[in-house]
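Nothing in this text is a laboratory measurement; each read-out follows from the coordinates by a stated rule. Keep in mind the model is a prediction, meaning the values are calculated, not measured. Virtual Cβ from ideal backbone geometry, glycine too; neighbours counted across all protein chains shown.
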Amino acid sequence: MSLLQIVPSSPTPHHLLLPTQPHQPNKFQKAPRPFPADADEPASPSSSWVETLRSHSRNNCFHSALRTYVDMTAAGALPDHFAFPAALKSAAGLDDLALGRQLHAASIKFGHISSPAAVPNSLVTMYAKCGDICNALKVFDRISEPDQVSWNSIISALCMFEEWEMALDGFRIMQEHGFDESSFTLVSVSQACTSVGKRDGRRLAKELHGHGLRVGLYSDGKTYAYNSLITLYAKLGSIEDSVALFDRFGNRDIVTWNTMISSLMQNERYMEAMDVLHRMVVGGIKPDGVTLSSILPVCTQTDLLDFGKEIHAFSVRNDGLCENSFVASALVDMYCNFGDIVKARLVFDGVSGPRLGLWNAMISGYSQNAFDEEALELFIVMEEAAGLCPNATTLASVLPSCVRSKAFSSKESIHGYVVKKGLGSDKYVQNALMDMYARVGKMEVSWKIFSCMGARDVVTWNTMISGCIVADQLTEAFQLLSEMQRTGKRTAECKAAEDECSTYEGLDYERPNNITLMTLLPSCASLTALVKGKEIHGYAIRNRLDYDIAVGSALVDMYAKCGCLTLSRRVFETMPKRNVITWNVLIMAYGMNGHGEEALKLFHDMVARREVRPNEVTFIAVFAACSHSGLVNEGLELFNRMKVDYGVERSPDHYACVVDMLGRSGQLVKAYQLIKTMEPDSNQTGAWSSLLGACCIHRDVKLGEISANQLFELEPNEASHYILLSNIFAASGLWDRANEVRKRMKEMGVRKEPGCSWIEVGDKVHQFTVGDSLHPQSPQLHAHLDALWEKMRKEGYVPDTSCVLHNVDEDEKEILLCGHSEKLAIAFGLLNTPAGSTIRVAKNLRVCNDCHEATKFISKIVKREIILRDVRRFHHFKDGSCSCGDYW
DNA sequence: ACGCTTCCTC
């Protein structure tokens, strides 16, 4: 609806419409013609026009209402003080500020601005809804005799702008002026109460409750105030008060039922919410769209897909509720959470003219299921075809897809776009941007956003921590964790002492939650940072986060990767619930530690208990375990039966494991033949890598060359293939050919990942690279290794110089061997930890033969247990031998 | 003139 259609003949300049000069037409302007313009005889208000207008407005048919207004003025009927509120409501409903100002002007011209207060009251509401709080306040200030509705209007306006303190002040002044609150006041003030901190909120809630009782706001038939009060208590966390109110109320309408359901949902009382729904249906009240969209999240929260489908069917059968944007959003969300994108899309497509929220739900569903191209495509359709303007939620949903998408190259331009849309200061968007910058390697920008953010929430912290981990800033990641624990604790104490401390609000510190722990635990695992891992475990127990399946599984994994199988098993056994991931982690743990039999036993246990069904990863874990323990027959048998007995398809990864298993045991030809049986267009990289590795162990030059040539085609930039082949040649004394491979690698511009080892001492993780001389203790480490070298020689140690790939003198080779990162880390451990304590070292590559041999001797000489985890598995060195039995 | 509902980042 354009301006001209509303006030077709008004030549009045815009500034005159503003309420700053309400009654003084500018003398220098031509006086506005009477409206409507060409009326020779005074036009009279027509009650039937106004009735139609008001009726449209009441039914929220804003376009029709305004059309009526236009037709009415065109027909020469004068708008009266009943017409303006209806027209203003319609303008507000269409969020059309310009239109509202025109109506404001017209109301001045026709002299409806002063009394009764109905017109200015509507103006206050119109300005507020159109986002112009200044003019709302100005109009209110000029009302000579504000009535109760005036007060309600301005309080509600202030609430829309989240000016809670001012809203509550307004409420107090209103009472001082002798006005009682009405249900309208209560609705607004209830909102304000939820936003001033729980302690003040609860006090005010009780006050309102009492006042309302005295003025009879909760008497029969008046549900508005009552429903608001139920919501208020629920939002303040006093769900018991809500339930008590609900139970006592005899006059429930459908909103009361819906209110109770959503209140319970907000307080995570899912089963009670279901119970209320049940009582509602039994009581003969038919659920509406609000009911369905409120209850649907129960399905995701409590894993009830079938119930969700039932609701879906109900919504199709009843009044086309499935085409309601809210219901559809909740359905889309539910299906996406169960990974059923296709069903979600069907629901989405069933709605004509979806609202922004529904687009957001579908886009976020795609994004969360990593359907990134689809998410971006839908985002573009929404903007270009549907002409909708994205909001903060849209951007927060689509941003992760932008970051992951290959098609989207200029990631940084997104930030500009976001700012242009005016959404740069939204917390959710900022969190997503921080994540984006961390992922594209611009950590400094993430830090900048983080430090400038006004209100950080727990996700802000978690995003920053995970960003640090992605960017390999592990020290900073753990620093953030301790900062969270330190400051978050203070916040929690404040929350607990809310009855004493009313100033709690706006503190931007958060306590670590399950996501925080899950983000950090894998880092503890990969660094074998057992002390830090145990600290996190302790925190989890104290905060009841160890009940979380994902946290529990991460703990099982962390202990396993730190070489503490017993603790790993204990966490597993004490978990109240386990899923397939938990089982897989433990099976993997036994496998990595060389306990193949136990891993197989666990697998059979898992199947027998029927707690969970094995999946693809389960078989990878089982095959890896068989491989490390030489259980070739057992592994092959499962490989043959996995499809028939367990319904799991063989994947290229499974082939790679089984090739590894066969190859490691020396059955190289059989392994080679197995690769030949793979689908020609499947990814054979893993399988060939396994074979090449096996050829390296068993020094098979011919098959090694075949495998390497395959791999040079598939992954020409992967350094390890060149190194392994060169290694095979070197081990057989074919130095020329070994050097040839090295040369080729250099020509290809491929660089070897430097060997790197970690050891945790005290509260720090120390990192060593090959030949490290940068570490402050470097001279002492080398001296210590030299001293050990002598003792080892006496015990019978012979350096295995075949591990050195360069064709240099034997003496030089020995020196090079000494610089291997794992030896440095072990030496560091020996020098810096108490005698007799266990040393845990992790390495990013496979341990070399010589280090393996040397560590056996070291463990005997220094009488220490040394646990070394390489990229594949564990080696527990004790008293001169290794747990792997030299089979690795 | 009002109350209940969906979508958001780790």
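For q = 0.14, 0.23, 0.25 Å⁻¹, what log10 I(q)/I(0) does segment A:510-603 give under the Debye formula with an equal point scatterer on each alpha carbon and no solvent?
Taking Cα atoms of segment A:510-603 as identical point scatterers yields -0.43, -1.13, -1.31.
Using the Cα atoms of chain A to build a convex hull, what is its mean projected area in square nanometres?
Mean orientational projected area (chain A, Cα hull): 47.0 nm².
Treating the Cα atoms of segment A:318-399 as identical point scatterers in vacuum, please give the log10 of the normalised Debye intensity I(q)/I(0) at q = 0.20, 0.21, 0.25 Å⁻¹, two decimals.
-0.80, -0.88, -1.24
Can you give the Kirkwood hydrodynamic radius of segment A:621-746 from its Cα pairs, in Å with one decimal?
14.9
Which residue, chosen from A:527, A:351, A:311, occupies the Cα position most advanced towards the positive end of the dipole of chain A, where the dipole is computed from +1 (Lys, Arg) and -1 (Asp, Glu) charges on Cβ about the Cα centre?
A:527
Take peptides A:356-368, A:188-200 and line them up by average Cβ neighbours within 10 Å, highest first, as a rough protection proxy.
By packing density, highest mean first, the sequence is A:356-368, A:188-200.
Per residue and in cubic angstrom, what volume does the convex hull of the Cα atoms of segment A:401-469 have?
Spelled out: Cα convex hull of segment A:401-469, divided by residues, is 83 Å³.
Karplus couplings for segment A:574-584 from phi (6.51 cos²θ - 1.76 cosθ + 1.60, θ = phi - 60°), rounded to Hz, Gly and Pro as x?
Values, residue by residue: 8, 5, x, 9, 10, 10, 4, 5, 4, 4, 4 Hz.
Given the Cα atoms of segment A:112-214, and with Rh set as the inverse mean 1/r over their pairs in the Kirkwood sense, what is Rg to Rh to two decimals?
Radius of gyration over Kirkwood radius for segment A:112-214 works out to 0.98.
For a Förster distance of 60 Å, can you work out the FRET efficiency between the beta-carbons of residue A:271 and residue A:743, rounded to the nearest 0.05?
Once the sixth-power term is evaluated, E becomes 0.30.
Taking the highest mean first, how do the peptides A:458-468, A:716-726, A:145-155 order by number of other beta carbon atoms within 10 angstrom per residue?
A:458-468, A:145-155, A:716-726
For the pairs A:442/A:843; A:794/A:860; A:746/A:843, flag any whose C-alpha to C-alpha distance is greater than 18 Å.
Checking Cα-Cα distances, A:442/A:843; A:746/A:843 exceed 18 Å.
Go through segment A:371-380 residue by residue and turn each phi into a ³J(HN,Hα) via Karplus (6.51, -1.76, 1.60, θ = phi - 60°); whole Hz please, and just put x for glycine and proline.
Taking θ as phi minus 60°, the curve returns 8, 5, 4, 5, 4, 5, 4, 5, 4, 5 Hz for segment A:371-380.
So which lysines pass the test for residue A:138, namely a Cα distance under 27 Å, with those fewer than 8 places away in the same chain ruled out?
A:27, A:30, A:89, A:109, A:129
Just need the relative contact order of segment A:763-882 here, percent rounded to a whole number, with Cα pairs under 8 Å and 6+ apart.
RCO, segment A:763-882: 24 percent.
Tell me, what is the percent relative contact order of chain A, built from C-alpha pairs under 8 Å that lie six or more residues apart?
With pairs under 8 Å counted, the relative contact order is 4 percent.
Where nothing but the Cβ of Lys and Arg (+1) and of Asp and Glu (-1) is charged, how large is the charge dipole of chain A around its Cα centre, in debye to the nearest 20?
Computed charge dipole of chain A: roughly 780 debye.
Which residue, chosen from A:285, A:672, A:732, occupies the Cα position most advanced towards the positive end of the dipole of chain A, where the dipole is computed from +1 (Lys, Arg) and -1 (Asp, Glu) charges on Cβ about the Cα centre?
A:732
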